[in-house]
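S.K.: Starting off with a structure, shown below.
All of the numbers you see were taken from the coordinates with simple rules; none came from a lab. Fair warning: this is a prediction, and the values are worked out from it, not measured in the lab. Cβ sites come from the backbone with ideal geometry, for glycine too, and all protein chains shown count toward neighbours.
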Amino acid sequence: MTAPLLAAEGLTLRFGAIPALLDVAIDVAEGEVVAIVGESGSGKTTLLRVLSGMMTPDAGTVRWLGDDVHAMGEAARRRLMRTAWGFVHQNPRDGLRLAVSAGGNVGERLMAVGARHYGNIRAEALSWLAKVEIDGHRIDDLPRTFSGGMQQRLQIARTLVTRPRLVFMDEPTGGLDVSVQARLLDLIRSLSRELGLSVLIVTHDIAAARLLADRILVMRRGRVVEQGLTDRVLDDPQHPYTQLLVSSVLAA
Amino acid sequence: MYVAVKGGERAIGAAHAWLEETRRGDPAVPELSVAQIGQQMPLAVDRVMAEGSCHDRFLAALAIKQAKGDLIEAAFLLRAYRTTLPRFGASEPLDTALMRLRRRISATYKDLPGGQVLGPTFDYTHRLLDFALAAEGEPRASAPEAASAVGVTPRVTELLAREGLMQRETPVEAEPGDLTRQPLAFPAARDVRLQNLARGDEGFLLALGYSTQRGYGHAHPFVGEIRVGHVAVEFTPPELGFPIEIGEIGITECQMVNQFKGSRTEPAQFTRGYGLVFGHGERRAMAMSLVDRALRAQELGEDVTAPAQDAEFVLYHSDNIEATGFVEHLKLPHYVDFQSELENLRAIRRTAEAALREAAE
Amino acid sequence: MSTMDGYNFAYLDEATKRMIRRAILKAVAIPGHQIPFGAREMPLPYGWGTGGIQVTASILGPADTLKVIDQGADDTTNAVSIRRFFTRVAGVETTARTGEASIIQTRHRIPEKPLREDQIIVYQVPQPEPLFMLEPRRAEAKRLHALADYGLMHVRLYEDIARLGHIAKAYDYPVMVNARYLMSPSPIPAFDNPKMHRMAALQLFGAGREKRIYAIPPHTEVHSLDFEDHPFRPIRAPHACALCRSTDTYLDEVITDDAGGRMFVCSDTDFCAERQARAAPQEAAE
């Protein structure tokens, strides 16, 4: 069995008296989509922040290809976040430059790693806009003229342009209409298959997890209460909390 | 035939001569003396000392005379002069608890040990222009003298701190930063922030403090205490090894008491905003304490949403010497850069017009 | 040579000069990198050249010959004012001839005449941070420089080309120094940027209000940012100087009447005068 790309164990983090994470372990293999589900307050967003190096745990380690993410220093983490990693924010405005055109947004990471041919950068940006189903004529438009769904797709294009190996997603469909959500989820699924991406997605939406994820982790009050292959966990939940989550979706 | 304009030197010389004439004004009017400015415009002198970041009443008054009454220009003169002065070292921290008080008030208690000492204040005057002042040489009534001196006056914030209701300041071992020697760097710690505010433009501080009261980063302030008076300045010469008093200076101190909501880890307590100013400057000291508190937002776990809470915004724009220099530098010739812009714009327009013509065909 | 009573040579005390020279040495050791320094209030306002003045004051010696220009000319009011300041506080020889100066303090232009190894040019800088319009927070800009993360600047240039067809920066055009640091060359016209590349003279930059010093050591690589398919092109008015006929110097546009009449003359008054002097005997011969 090949080593996981991202491996974390023993993650613990407290905010004062409140335990946000208690002894959490998680692995992500190459080309795998892993969903972390739970209610608000479960610790899932905190876990994503710790895994992506944005927050430091009180205990435990996170390793990317064997290297300790929190020990590597800010410069190395930033480089990682621009090349091998990507991060899709819940609110696209947090992940886009609103005063920069769509083309500039997609091209920025290329320029940051040394691309210096305007024509090529623009062509690459156009091809990515096509991949995320944004009309190429909008390449010079500012993101504020885009709908919420389009902004989110633009954020995804901006993230994927440097062909990262692992993409962190924080509630990427939050705040979008149901039909728009479905389209976005389909896009994420097909792109991750096509590009062989690993994805770590945090969501409270069980249906989205079922659609996208190979494996699912269920969190409650800072702990992982259940994990496993998506179909198994959702069709045959063992933990009472998982059963509750799954049944509430079916009921709705 | 065009000849490049010359005569810059002569023009400057003439400009300076005319400036000197306007500074003096009508020679039939008696000349203003530095002593008169020092005695009868003490608050202008105080402001110039504060923003000039140099306590010297004579120099400040002289600067005001030279600057034709422009207080920012006067502060600039004083700052530039300060650059030439040798630095012997730093004084001991001023002990404001031992202040020889002229004025001491608190808004948080009706009465307190030491009492509410009003001092010479405009606060309760009616702002009616007093035309009697236009006539000079009139003898004025003198103020009645009190029977005894001001008694022991413990700090209000100390009273609160003893009950655990007010945060105490944690003493720091490290040398405080020195903005007169080192440039401002971010993140800026409280010592450097307070220095920056202490010499910041009074109008800017006032506006920012006011904005917090109007909801832009509100901190529910109360005036815990304002003290105005004289404190001894002590200095430890290296040859002696112990502190000696080298004089006293007039200062104003304001301690603002603010509400703090407590966090996941800290029990609720009042928090402090602090202001300290050369001379008698209550407006400045109070504004400074409001802005000091606003800049502590991040440290106290509050959301930073308002301009007064944005450290880079406040601290980079508070120095009116820097500000006036840069704003007024726009008067300097910029025609070389403007020429580049002109040529660039002309080129862009030529390209665009050519494209339009092509499209039309 | 006499200087003002009670003032040290060149105004600043020796300790301050030493502090500034240390900053200059650090700057020279890291070409293009901004070194913070404890700038002092000078008797001229911030924004009017205090950084350049402090740098000049720290390197000036009694044997130096100083030239001061503003917009390329020696006779503009601010150049006159600064030259007089140094005459008062240092008593050094001053000159308008570029070739005769050992130190040249300049605002917004590089002299047309190539400088030599034994000369130093001191630039007055209003805004040392090339990223400041894109990232106004200094703390974040510092990080971007440390990580050589300059994508943002290229994005700005990309946006110009997408919107206008070419790069819109006409002055203070950003450069990469020694292939490592992004630098603001000060508001010199883009036309002057190529002069900085491998210049034989030491180039020092002083920003008094922003309290930064930076430097380009002699013979250093300096490249203006561009794209391979949109290369950097220096802009100048496409005319000849009306006085000396030069077609490769930077020109000022002078309005001669209110009917739109205009003429173009060299901005570098010394260079133009020299060219005119050389042409005069030839014209007399004709």
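S.K.: Putting +1 on Lys and Arg Cβ atoms and -1 on Asp and Glu Cβ atoms, find which of A:GLN90, A:GLY222, B:PHE338 reaches farthest to the positive end of the dipole of the protein assembly as shown.
M.R.: The one lying farthest along the dipole's positive direction is A:GLY222.
S.K.: Evaluated at 10 °C with a viscosity of 1.306 mPa s, what Stokes-Einstein diffusion coefficient in µm²/s does chain B have when Rh comes from the Kirkwood expression over alpha-carbon pairs?
M.R.: Translational D for this selection: 65 µm²/s.
S.K.: Out of the DSSP beta bridges found with both residues in chain C, what percent are antiparallel (nearest 5)?
M.R.: Of all bridge pairs located within chain C, approximately 60 percent are antiparallel.
S.K.: Largest first and in whole Å, what are the equivalent-ellipsoid semi-axes of the range A:1-81 based on the Cα gyration tensor, each being the root of 5 times an eigenvalue?
M.R.: Numbers: eigenvalues 84, 52, 26 Å².
Semi-axes, largest first: 21, 16, 11 Å.
S.K.: Please state the shape class of the range B:275-324: rounded when a/c is under 1.5, otherwise prolate if a/b exceeds b/c and oblate if not, all from the C-alpha gyration tensor.
M.R.: Cα axes put the range B:275-324 in the oblate bin.
S.K.: Still on this structure: If you restrict to DSSP beta bridges whose two residues both lie in the protein assembly as shown, what percentage is antiparallel, to the nearest 5?
M.R.: Bridges in the protein assembly as shown that DSSP calls antiparallel: roughly 65 percent.
S.K.: Ok, one more. Beta carbons within 10 angstrom, averaged per residue: use that to sort the peptides A:77-90, A:126-139, highest first.
M.R.: A:77-90, A:126-139
S.K.: Per DSSP H run of at least 4 residues, take -39500 (n - 2.57); add these up for chain A, divide by its residues and hand me the 222 nm value, nearest 500 deg cm²/dmol. Numbers along the way, then the final one.
M.R.: Numbers: 10 runs with 102 residues, N = 252.
Calculated from helices alone, the mean residue ellipticity at 222 nm is -12000 deg cm²/dmol.
S.K.: Which whole-number value in Å³ per residue fits the convex hull of the alpha carbons of chain C? Present the calculation step by step, with values, prior to reporting the outcome.
M.R.: On the way: hull volume 47.3 nm³, N = 286.
So the per-residue hull volume is 166 Å³.
S.K.: Once phi is turned into θ = phi - 60°, what whole-Hz ³J(HN,Hα) does the Karplus curve with 6.51, -1.76 and 1.60 give for every residue of the range B:97-106, x standing for Gly and Pro?
M.R.: Each residue's phi maps through the Karplus curve to give 5, 9, 4, 7, 6, 9, 8, 8, 10, 9 Hz.
S.K.: Using only the alpha-carbon atoms, how far is helix A:178-195 inclined from the longest principal axis of chain A? Give it as 0 to 90 degrees, nearest 10.
M.R.: 80
S.K.: Run lengths n ≥ 4 of DSSP H only: what is the helix-derived mean residue ellipticity at 222 nm for chain C, with -39500 (n - 2.57) per run over all residues, to the nearest 500?
M.R.: Here the helix-only value at 222 nm equals -9000 deg cm²/dmol.
S.K.: In debye to the nearest 20, how big a dipole does chain C give about its Cα centre with +1 on each Lys and Arg Cβ and -1 on each Asp and Glu Cβ?
M.R.: That gives a dipole near 1000 debye.
S.K.: Can I ask one more? Given a Förster radius of 41 Å and the C-beta distance between A:LEU142 and C:ASN178 as r, what FRET efficiency does 1/(1 + (r/R0)^6) yield to the nearest 0.05?
M.R.: Between A:LEU142 and C:ASN178 the formula returns 0.70.
S.K.: On a 0 to 90 degree scale, rounded to 10, what angle separates helix B:8-24 from the longest Cα axis of chain B?
M.R.: 40
S.K.: Here's a follow-up. Kindly state, as a whole number, the per residue volume in cubic angstrom of the convex hull around the alpha carbon atoms of the range B:86-193.
M.R.: Expressed per residue, the convex hull around the Cα atoms of the range B:86-193 is 271 Å³.
S.K.: Additional query: Once the cut-off is 13 Å, how many percent of the Cα-Cα pairs in the range C:236-286 end up in the long-distance tail?
M.R.: 57
S.K.: Lysines within cross-link reach of C:LYS142: Cα-Cα under 25 Å, excluding same-chain residues under 8 positions apart?
M.R.: Of all the lysines, those that pass the test against C:LYS142 - Cα under 25 Å, at least 8 places apart if same chain - are C:LYS26, C:LYS169, C:LYS211.
S.K.: Also, quick follow-up: Work out the length of the dipole vector of the range A:129-224 about its Cα centre, built from +1 on the beta-carbon of each Lys and Arg and -1 on the beta-carbon of each Asp and Glu, and round it to the nearest 20 debye. Numbers along the way, then the final one.
M.R.: Working: 15 positive and 11 negative charges, 100 e Å.
So the dipole magnitude of the range A:129-224 works out to roughly 480 debye.
S.K.: Another question, if that's okay. Between B:LEU206, B:LEU184, B:LEU133, find the one with the highest GNM mean-square fluctuation for chain B; connect C-alpha pairs within less than 10 Å.
M.R.: B:LEU133
S.K.: Return the long-range amide H neighbours of C:ILE120 (sequence gap of 5 or more, or a different chain), with a cut-off of under 5 Å between placed amide H atoms.
M.R.: C:ILE103, C:ILE104
S.K.: Rounded to the nearest 500, what is the 222 nm mean residue ellipticity of chain B from helices alone, with -39500 (n - 2.57) per DSSP H run of 4+ residues and division by all residues? Before the final figure, lay out each step's value.
M.R.: On the way: 12 runs with 142 residues, N = 361.
Helix-only estimate at 222 nm: -12000 deg cm²/dmol.
S.K.: Do you know the relative contact order of chain B, to the nearest whole percent, from alpha carbon pairs under 8 angstrom that are 6+ apart?
M.R.: Result for chain B is 16 percent.
S.K.: Still on this model: Could you work out which residue, out of B:VAL172, B:VAL304, B:VAL291, moves most in a Gaussian network model of chain B, that is, has the largest mean-square fluctuation with Cα springs under 10 Å?
M.R.: B:VAL172
S.K.: What does the charge dipole of the protein assembly as shown about its Cα centre add up to, to the nearest 20 debye, if the Cβ of each Lys and Arg holds +1 and the Cβ of each Asp and Glu holds -1?
M.R.: 740
S.K.: Related question: Over all alpha-carbon pairs in the protein assembly as shown, figure out the percentage whose distance exceeds 38 Å.
M.R.: 58
S.K.: In cubic angstrom, how much convex hull volume per residue do the alpha carbon atoms of the range C:60-187 span?
M.R.: About 150 Å³ per residue, rounded to a whole number.
S.K.: Suppose R0 equals 41 Å; then what is the FRET efficiency for B:LEU98 and B:SER142 from their Cβ-Cβ distance, rounded to the nearest 0.05?
M.R.: Once the sixth-power term is evaluated, E becomes 0.90.
S.K.: Let me ask something else. Put +1 on the Cβ of every Lys and Arg and -1 on every Asp and Glu Cβ in the protein assembly as shown; which of A:LEU13, C:HIS33, C:PHE264 then has its Cα farthest towards the positive end of the dipole?
M.R.: A:LEU13
S.K.: Dividing the Cα radius of gyration by the Kirkwood radius, what Rg/Rh value follows for the range B:258-361?
M.R.: Across the range B:258-361, the Cα-based Rg/Rh ratio is 1.34.
S.K.: First measure r as the distance between the Cβ atoms of A:HIS117 and B:ALA207, then evaluate 1/(1 + (r/R0)^6) with R0 = 51 Å and state the FRET efficiency to the nearest 0.05.
M.R.: It comes out at approximately 0.55.
S.K.: Hey, another quick one. For chain C, set up a Gaussian network in which alpha carbons nearer than 10 Å are linked by springs, and say which option among C:THR50, C:THR256, C:THR247 fluctuates the most.
M.R.: Greatest mean-square fluctuation among the candidates belongs to C:THR256.
S.K.: With bins 5 Å wide starting at 0, give me the P(r) of the range A:104-170 over every alpha carbon pair, in whole percents.
M.R.: 3, 17, 31, 25, 16, 7, 1
S.K.: For chain A, find the longest principal axis of its Cα atoms and tell me its angle to the long axis of helix A:148-160, 0 to 90°, nearest 10.
M.R.: With rounding to tens, the tilt is 90 degrees.
S.K.: Checking the a/c ratio against 1.5 first, then a/b against b/c, what shape does the Cα gyration tensor give for the range A:163-252?
M.R.: Values: a/c = 1.91, a/b = 1.43, b/c = 1.33.
Here the range A:163-252 falls in the prolate category.
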